[in-house]
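Taken together, the values in this text are just the output of simple stated rules run on the coordinates, not laboratory data. Note that the structure is a prediction, hence the values are computed from the model and not measured. Note that each Cβ is placed from the backbone with ideal geometry, even for glycine, and that neighbours are counted across all protein chains shown.
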Amino acid sequence: MEAGGRVGFSGIVRDHLSDVLATICSNVHMVCSAELAEAMALRHGIFIAKDTGPFSLLIEYYQCGKLGEKSN
């Protein structure tokens, strides 16, 4: 990523019935790798989930940037 780049992320916090408790969407100026941006999004989501109330946390993570890669 070049200087002046932007990182965007989004997510959904659901309860055990799959009802939406919170949504996350952010877009910030930052220069970092895709992996670091994804880790930051996960961290932000954990903080949001923690603020929604006391419950067990299950994280589903989709690393979209890796779906199209092929290994030799």
Practice prompt. Report the normalised scattering of segment 7-51 as log10 I(q)/I(0) at q = 0.15, 0.28 Å⁻¹, calculated by the Debye formula with identical scatterers on the alpha carbons.
Written response: -0.40, -1.00
Discussion item. Let me spell out the model: positive unit charges on the Cβ of Lys and Arg, negative unit charges on the Cβ of Asp and Glu, origin at the Cα centre of segment 7-51. What dipole size does that give, in debye rounded to 20?
Written reply: 80 debye
Worksheet entry | ARG14 long-range amide H proximity, modeled H, under 5 Å | LEU21
